[in-house]
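Here is the structure we will look at, set down as structure tokens.
The values are calculated or read from the model by the stated rules, or taken from the named source; none is laboratory data. Just so it is clear, the model here is predicted, and its values are computed rather than measured. Note: ideal-geometry Cβ built from the backbone for every residue, glycine included; neighbour counts use all protein chains shown.
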Amino acid sequence: MFYTRYPAANASQIRRELGDLFDGLLRGWPVDWNASRGFPAVNLWEDDEAIRAEAELPGLNMNDIEVLVVGDELTIKGRRTSPENKDFTYHRRERGTGEFSRTLTLPYPVNADRVEATLKNGVMTLILPKAETARPRKITVKSN
């Protein structure tokens, strides 16, 4: 540990180290991924036609994932299993196992019947077409 003239810097480092210690002690217990990490990490943006999302899901396949869309809510659920082989010792275990669920409120309602999801290289890409009521409309301006 290094020391500085700023006690707050040392307090932050001590807090991180204690957090790492307790994380190590609790490793393997049920993890609430929503509260602790916001798993999966998601990027969300829109264009005129759809809301688009990318979710990081390393090590999972589409059979492990469930995507639900209701109105303006997107839920990504799934399960990551532990390796079956127990003939090894972990030296570091940062990727959680078990069930996860993350619900995001979308900026607009979407057409749930037309949602598309693909998974490639551990990244799930979602295309969520906007509901007709959420799409921009061009209004013709009339003059007298």
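Structure data summary
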quantity: Residue under evaluation T75, criteria (1) at pLDDT 75 or above; (2) not assigned by TED's automatic domain parsing to the domain that holds L128; (3) not aliphatic (A, V, I, L, M), criterion not met; calculated: (2)
quantity: Considering residues of segment 107-144 that are of a type in the set (K, R) and assigned to a strand (DSSP E or B) only, the residue farthest from E54 (Cα to Cα); calculated: K130
quantity: Scan of segment 79-97 for residues that are surrounded by 12 or more Cβ atoms within 10 Å (Cβ to Cβ) and either of a type in the set (K, R) or closer than 22 Å to V69 by Cα (or both), ordered by number; calculated: R79, R80, R93
